[in-house]
Amino acid sequence: MVETPRPVDDMAISVFNTLTRRKEPLAPIRPGEVGIYLCGPTVYDDCHIGHVAGPIMFDAVACWLRARDFRVRLVNNITDIDDKIINRSRETGEPWQAITRRYTDQYLGYLAQLKVSTISDHPRCSDYIPQMVAYIAELVRHDRAYVAADGVYFDIEKQAGYGKLSGRKLDEMIAGARIERDGGLRHPADFALWKLVKPGEPSWDSPWGAGRPGWHIECSVMSTALLGENFDIHAGGDDLKFPHHENEIAQAEAHSGCYANCWMHNGLLQYEGTKIGKSDPRMKDPEFRKQFRLDWILSSYGPSTVRFLILQGHYRRPSDFTSKQLEAQRKALGRLHRLLGPGMAEPGSPTLAEIERATASDPTLAPHLARFAEVMDDDFRTGDAIAELFTVAKLETPAALRLVRDLGRLLGLFQPGDEKDTQAETAAAGGAADQQVAALMELVLPLRQQVRLA
């Protein structure tokens with residue numbers, strides 16, 4: 001028996017909360033509004049593909065929330081104070097401000113190319129130093145932090161439930177600091193809130209001496225400054241659960257008694273099934289290393305192909321990333337662009353309500369719209385939503401292709417000008433429409449199976 005999809009207006013959005021380890025109904029603190037904080041890059045080097053995977057995924061999340069008539073404030077920070085930046089400045093002799101300005105501009109430029117359109121704020125750590133000093137002072141005043149020889153540290157043993165996000169026990173948490181510490185800590189896993197200045201480092205005044213903020217305090221302060229002490233969703237890569245997000249929760253709850261209600265973590269990109277780090281021996285090969293650089297990827301395959309690839313999976317699952325995958329996705333996307341034809345160039349994007357009204361009287365299309373909405377409401381299953389678009393494309397009618405385009409645009413796909421990224425594939429494509437769709441499905445569905453949720 002075929003299950004009948006629920007009507008589009010009879011949906012409740014559910015989100016997997018990493019903190020509680022279960023799906024929960026989306027329940028914004030302020031009805032009709034959703035505040036999201038997404039951890040951003042440390043700007044000291046050229047962007048790679050991993051830097052934009054999260055922004056693409058959570059841009060699609062925000063797009064869908066807006067389609068569901070929520071007002072969304074999506075904050076994506078820029079870490080412009082960090083040991084890596086200081087070390088790069090020492091190595092090159094270039095001022096740290098020039099380094100961070102250049103790579104911040106590069107990052108924002110790439111987001112624009114990738115049609116990441118929902119981010120409302122890009123706070124920079126260096127703009128929030130006074131707020132960070134005041135925040136730390138409150139923690140010290142309430143004896144949740146203390147002054148040591150080289151700075152101010154958070155006392156983790158006074159934080160009930162420390163480790164609840166990552167599931168780690170206290171004795172497993174010794175590692176995690178970005179730089180070596182001096183002795184004198186109450187517990188070896190206590191983490192730095194304020195680091196006293198060392199020769200040649202940038203510094204700011206504080207009650208404890210000149211210095212700079214620690215990594216974790218930066219995000220707690222910027223997120224609450226813009227979204228409030230209690231906000232809806234904190235997002236970031238799976239590799240940030242510990243120590244970064246764990247420590248954010250600890251210091252924020254110690255300061256205010258609350259923090260983010262829901263935690264969303266995106267899976268990391270892999271290469272042929274394994275995570276690739278800068279320490280991988282293959283990264284010494286310039287040709288191997290090149291394929292992860294975002295400038296090379298965008299110039300070789302186009303921004304729309306990259307977005308299409310990232311959204312093919314589910315945000316919580318790792319996605320395999322290779323040149324072979326990109327080439328297959330570009331071919332599939334090119335054939336779909338060809339099917340959409342002149343409609344690609346038409347500006348504008350109908351709202352979900354307008355799309356629903358346009359398809360309500362069409363018994364062929366209405367179930368597909370309902371299915372698309374159902375999987376997006378179920379923890380933002382973009383890959384299954386795109387698979388539904390492929391099914392609609394097989395109908396071949398003008399109304400069906402218009403629905404494919406309009407629903408795709410709700411996720412940032414099929415924008416005017418995107419067809420330029422796939423012109424070679426589009427020009428090479430030929431034959432009957434059904435052959436094009438069959439080829440499209442043959443290319444894409446095997447890739448979908450690799451990232452499909454169990």
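A single member of 53, 60 is of a type in the set (Gly, Ala, Ser), crowded, with 20+ Cβ neighbours inside 10 Å, over 20 Å from residue 295 (Cα atoms) and within 19 Å of the chain's Cα centre (by Cα), and it is 60. Scanning for something within 16 Å of residue 54 (Cα to Cα) and at pLDDT 95 or above, does the stretch 246-259 turn up at least one residue? Checked the stretch 246-259: no residue is within 16 Å of residue 54 (Cα to Cα) and at pLDDT 95 or above. Residue 42 meets the conditions (1) touching a Gly at 6+ places or on another chain (Cβ under 9 Å); (2) closer than 28 Å to residue 302 by Cα; (3) polar (S, T, N, Q); (4) crowded, with 17+ Cβ neighbours inside 10 Å in every case but one. The failed one is (1).
If the condition is being among the small types (Gly, Ala, Ser) and at pLDDT 95 or above, then the stretch 1-47 contributes 14, 27, 32, 35, 40.
For the stretch 229-253, a tally of residues being of a type in the set (S, T, N, Q) and buried (at least 20 other Cβ atoms within 10 Å of the Cβ) returns 2. Screening residue 300 against (1) surrounded by 17 or more Cβ atoms within 10 Å (Cβ to Cβ); (2) assigned to a helix (DSSP H, G or I); (3) small (Gly, Ala, Ser) leaves a single unmet condition, (1). For the stretch 132-160, filtering for residues that are assigned to a loop (DSSP other than H, G, I, E, B) and touching a residue at least 12 places away in the same chain (Cβ under 8 Å) leaves 7.
Is it the case, given these coordinates, that residue 407 is touching a residue at least 40 places away in the same chain (Cβ under 8 Å) and either out of contact with any helix residue (DSSP H, G or I) (no Cβ under 7 Å at 6 or more places or on another chain) or crowded, with 21+ Cβ neighbours inside 10 Å (or both)? Break it down into steps so the answer makes sense when it comes.
Details: touching a residue at least 40 places away in the same chain (Cβ under 8 Å): yes; either out of contact with any helix residue (DSSP H, G or I) (no Cβ under 7 Å at 6 or more places or on another chain) or crowded, with 21+ Cβ neighbours inside 10 Å (or both): yes.
It is true that residue 407 is touching a residue at least 40 places away in the same chain (Cβ under 8 Å) and either out of contact with any helix residue (DSSP H, G or I) (no Cβ under 7 Å at 6 or more places or on another chain) or crowded, with 21+ Cβ neighbours inside 10 Å (or both).
Tallying residues that are in contact with a strand residue (DSSP E or B) (Cβ under 7 Å, 6 or more places away or on another chain) and of a type outside the set (Asp, Glu) within the stretch 231-246 yields 8. Residues of the stretch 306-358 being surrounded by 23 or more Cβ atoms within 10 Å (Cβ to Cβ) and β-branched (Val, Ile, Thr), which ones? Answer for the stretch 306-358, where residues must be surrounded by 23 or more Cβ atoms within 10 Å (Cβ to Cβ) and β-branched (Val, Ile, Thr): 306, 310, 355. Kindly indicate whether residue 208 is assigned to a loop (DSSP other than H, G, I, E, B) and in the same structural domain as residue 148 (by TED's automatic domain parsing). Yes: the conditions hold for residue 208. For the stretch 260-275, the criterion of being among the hydroxyl-bearing types (Ser, Thr, Tyr), in contact (Cβ under 8 Å) with a residue 24 or more places away in the chain and in the same structural domain as residue 120 (by TED's automatic domain parsing) is met by none of the residues. Residue 326 falls short of the stated requirement of being in contact with a Ser or Thr (Cβ under 9 Å, 6 or more places away or on another chain), not in a helix (DSSP H, G or I) and not polar (S, T, N, Q).
Contact map, the stretch 13-40: first residue in the same structural domain as residue 222 (by TED's automatic domain parsing) and more than 13 Å from residue 260 (Cα to Cα), second residue of a type in the set (Asp, Glu) and surrounded by fewer than 20 Cβ atoms within 10 Å (Cβ to Cβ), Cβ cut-off under 6 Å, separation 6 or more or different chains; the map is empty. Tallying residues that are free of Cβ contacts under 8 Å to residues at least 40 places away in the same chain and outside any helix (DSSP H, G or I) within the stretch 276-297 yields 7. Residues in the stretch 315-331 that are of a type outside the set (Asp, Glu) and in contact with a Phe, Trp or Tyr (Cβ under 8 Å, 6 or more places away or on another chain): 315, 316, 321, 322, 326, 329, 330.
The number of residues in the stretch 108-125 that are more than 21 Å from residue 417 (Cα to Cα) and out of contact with any strand residue (DSSP E or B) (no Cβ under 6 Å at 6 or more places or on another chain) comes to 1.
Restricting to the stretch 49-102, give me the number of residues that are basic (Lys, Arg) and over 25 Å from residue 216 (Cβ atoms). Talk me through it step by step, then tell me what you get.
As a first pass, look at the stretch 49-102 and keep what is basic (Lys, Arg): 66, 68, 71, 73, 84, 88, 90, 101-102.
Next cut, over 25 Å from residue 216 (Cβ atoms) only: 66, 68, 71, 102.
Summing the residues that are basic (Lys, Arg) and over 25 Å from residue 216 (Cβ atoms) in the stretch 49-102 gives 4.
If only residues of the stretch 303-316 that are assigned to a loop (DSSP other than H, G, I, E, B) and either modelled with pLDDT of 95 or more or among the aliphatic types (A, V, I, L, M) (or both) are counted, the one that is nearest to residue 388 (Cα to Cα) is 314.
If the condition is being touching a Leu at 6+ places or on another chain (Cβ under 8 Å) and touching a residue at least 40 places away in the same chain (Cβ under 8 Å), then the stretch 377-388 contributes 381, 382, 383, 386, 387.
The values are calculated or read from the model by the stated rules, or taken from the named source; none is laboratory data. Remember, predicted model here, so these are calculated numbers, not experimental data. Here the Cβ is made from the backbone with ideal geometry for all residues, glycine too, and neighbour counts use every protein chain on show.
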